Every structure is written in C-alpha cells, then in structure tokens.
C-alpha cells in the first residue's frame, strides 16, 4: 500500500524534482536563470588533436609577406606574432591574442609542417579580411564593434594581392 501511494503522487510533489512545476504554466526557464549563447563552432579538430596528444609544444612564431600564398586576394604586408601548437602529428597555427581584437575562440589552422600551417593561416587571414570587407560593404559599415575592430586590424597589416591567375 505504501509503495502504491508513492507512485500516485504528482510530479510537482516529488521532492527529488529539482524544479518548481506550476500547473498551467508554459515556459521552460525559471525567472532567476540567465542564459548565455555558446557557439557550437568551437575548434573541435584542434581540441581533439591537442587534448589527445602525448605532448604538445607551444611555439611563439610570426608570419609575414613570405607566408602569404602566391595567388592570394589579400597578403600580409608586415609580420604579425602567432602561436604554433605541435600535437606531434600536426602543427596548428593561430594568431596571437595580444594583437587580434576580435574576442572568442579562433580556430587554429593545421598543416603537416610549420611552414604549411603558417601559409594556411596567412590564407585564412586573407579570407577573413575579404569576408569582413564584404560584410561591412553590404551593411554600409554598420557591423558589430568587435568585427569592425578586427577589420581595422587586418586592413592595417594586409594589402591586396595578385589573386588567382
């Protein structure tokens, strides 16, 4: 009989339920909760490689005009500091946080060699600049402040390249 009583109680009366249930209310988040948006585009491959490696060396390096691909739309005109992560099977190149104003997690760019990773990063920065220029142009310059700061920085250290031939 005691067991039957426990099974018949409503969910709202169950002391193991960690939420307050109000009949007739149709909302999922309690009033005292705050939500933060979290991007799902985290650098999954890089995180997997780095966290599953036997060891990871972190190298301070730089990229410059010589690292830009020959057919890039935008090329570096000066050297900028970068970080290289060595996960034994790949090298991952990423911008230095001290120079890039855009907040958030940057996806490191991979390569089989340091030179390959650096060239891939230079190409990626050129693609970022091109995308930011298109975005800014289509929105008449009214883009998010962090994106605008990144656009200003990339414009200061990159210039138009030869493009594909």
(message) Checking the condition surrounded by 17 or more Cβ atoms within 10 Å (Cβ to Cβ) and either free of Cβ contacts under 8 Å to residues at least 60 places away in the same chain or out of contact with any helix residue (DSSP H, G or I) (no Cβ under 6 Å at 6 or more places or on another chain) (or both), which residue from 129, 134 passes?
(response) 129
(request) Can you confirm whether the range 142-153 contains a residue that is more than 17 Å from the chain's Cα centre (by Cα), surrounded by 15 or more Cβ atoms within 10 Å (Cβ to Cβ) and outside any helix (DSSP H, G or I)? (result) yes
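Starting from residues that are touching a strand residue (DSSP E or B) at 6+ places or on another chain (Cβ under 8 Å) and part of a loop (DSSP other than H, G, I, E, B), keep the ones in the range 70-85 and report whichever is farthest from residue 162 (Cα to Cα). Working first, answer last.
Pass one, the range 70-85, residues touching a strand residue (DSSP E or B) at 6+ places or on another chain (Cβ under 8 Å): 73-77, 79-85.
Now restrict to residues that are part of a loop (DSSP other than H, G, I, E, B): 73, 77, 79.
Values: 73: 6, 77: 13, 79: 19 Å.
Among those that are touching a strand residue (DSSP E or B) at 6+ places or on another chain (Cβ under 8 Å) and part of a loop (DSSP other than H, G, I, E, B), it is 79.
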(request) Could you tell me which of the residues 122, 115, 93 is touching a helix residue (DSSP H, G or I) at 6+ places or on another chain (Cβ under 6 Å), under 18 Å from residue 66 (Cβ atoms) and either assigned to a loop (DSSP other than H, G, I, E, B) or at pLDDT 90 or above (or both)? (result) 122
(request) Return yes when residue 110 is modelled with pLDDT of 90 or more, part of a strand (DSSP E or B) and touching a strand residue (DSSP E or B) at 6+ places or on another chain (Cβ under 7 Å) and no when it is not. (result) no
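Per-residue answers, yes or no, for (1) crowded, with 20+ Cβ neighbours inside 10 Å; (2) modelled with pLDDT of 85 or more; (3) under 30 Å from residue 143 (Cα atoms); (4) in contact with a helix residue (DSSP H, G or I) (Cβ under 8 Å, 6 or more places away or on another chain):
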{"residue": "47", "(1), (2), (3), (4)": "no, no, yes, no"}
{"residue": "54", "(1), (2), (3), (4)": "no, no, no, no"}
{"residue": "62", "(1), (2), (3), (4)": "no, yes, yes, no"}
{"residue": "68", "(1), (2), (3), (4)": "yes, yes, yes, yes"}
{"residue": "87", "(1), (2), (3), (4)": "yes, no, no, yes"}
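The values are calculated or read from the model by the stated rules, or taken from the named source; none is laboratory data. As the structure is a prediction and not an experimental result, all values here were calculated from the model. Please note: Cβ atoms are built from the backbone with ideal geometry, for glycine as well, and neighbour counts cover all protein chains shown.
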